[in-house]
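Here is the structure we will look at, set down as structure tokens.
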Amino acid sequence: MSNTTAPRRALLVIDVQNEYFTGDMPIEYPSVDISLPNIVTAMAAARTAGVPVIVVQHDAPEASPIFAKGSDGWQLHPQVAAFAADHRINKSMGSAFAGTDLRAWLDSHNIDTLSVIGYMTHNCDAATIYHAAHDGLQVEFLQDATGTLPYANAGGTASAEEIHRVFSAVFHSNFAAVASTQDWLNAVREGKPLEIDNIYLSNQRARKAQVN
């Protein structure tokens, strides 16, 4: 996309559900005290700017310990549920594209840039970002309007901060332009795309820093 071409954006609000606030999967980094206000701000700004807002909700079977359909944890956070979204999607897999009408809806509205907010950075956000990038869309990731939680399993242990930081760096190297909510608001206001980096330069900077 040329830097002089105004992006045709849609804001994708992924899985802002009670499970991450009052359930058994609390978001830790950035804290919801940071991410939720930025999510609401981005949604309101998108409405003002005429950027379509798509709200995504994850469905799990009724016997699931998390996101069980119909449970309180499955419900959208009230501040998101009350928003008059342009389109709503229910999904059962990580990517918001998998088994949904998202791609068809974007095509029908001539969207070429997907701005991603919501949860979780490394899971549904990542799956959606990779899917969108591989499908030819420009992608933006608002890193302070998203968040994650820690893991410990046979593959290793990682804090929420580590997961969020590493995935943000990986996204920006090849898959999505990573920015703050404020920088995204400025870009929307100016009708400009956010700049993404590349794998080569990302690696060269890291190697130089190691030497120094």
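The values are calculated or read from the model by the stated rules, or taken from the named source; none is laboratory data. Just so it is clear, the structure is predicted and the values come from calculations on it, not from any experiment. Glycine gets a Cβ as well: all are built from the backbone with ideal geometry, and neighbour counts include every protein chain shown.
Brief remarks on what is shown
- Looking only at the stretch 56-78, residues that are in contact (Cβ under 8 Å) with a residue 60 or more places away in the chain and under 16 Å from residue 21 (Cα atoms) come to 3 in all.
- Scanning the stretch 62-80 for residues that are among the aliphatic types (A, V, I, L, M) and surrounded by 19 or more Cβ atoms within 10 Å (Cβ to Cβ) returns 76, 80.
- Residues that are more than 23 Å from residue 20 (Cα to Cα) and buried (at least 18 other Cβ atoms within 10 Å of the Cβ) within the stretch 115-137 comprise 131, 132, 137, listed in sequence order.
- Condition check for residue 51: in a strand (DSSP E or B) and either surrounded by 14 or more Cβ atoms within 10 Å (Cβ to Cβ) or polar (S, T, N, Q) (or both): no
- When the strands (runs of 3 or more DSSP E) confined to the stretch 111-183 are screened for residues that are polar (S, T, N, Q) and at pLDDT 95 or above, those reaching at least 1 such residues are found at 113-119, 138-147, 151-153, 156-158.
- Of all residues making up the stretch 131-171, the number that are more than 29 Å from residue 102 (Cα to Cα) and of a type in the set (A, V, I, L, M): 3
- Here residue 103 clears all of (1) within 15 Å of the chain's Cα centre (by Cα); (2) under 23 Å from residue 132 (Cβ atoms); (3) surrounded by fewer than 20 Cβ atoms within 10 Å (Cβ to Cβ) except the condition numbered (1).
- Residue satisfying all of: in the stretch 169-201; surrounded by fewer than 19 Cβ atoms within 10 Å (Cβ to Cβ) and of a type in the set (S, T, N, Q); nearest to the chain's Cα centre (by Cα) among these: 180
- Residue in the stretch 90-100 that is part of a strand (DSSP E or B), of a type outside the set (Phe, Trp, Tyr), within 16 Å of residue 145 (Cα to Cα) and touching a Ser or Thr at 6+ places or on another chain (Cβ under 7 Å) present: no
- All positions within the stretch 141-171 that are farther than 17 Å from residue 118 by Cα and touching a Phe, Trp or Tyr at 6+ places or on another chain (Cβ under 9 Å): 157, 158, 159, 162
- Among the numbered conditions (1) without any contact (Cβ under 8 Å) to a residue 60 or more places away in the chain; (2) under 16 Å from the mean Cα position of the chain (by Cα); (3) buried (at least 17 other Cβ atoms within 10 Å of the Cβ); (4) over 22 Å from residue 188 (Cα atoms), the only one that residue 93 does not meet is (3).
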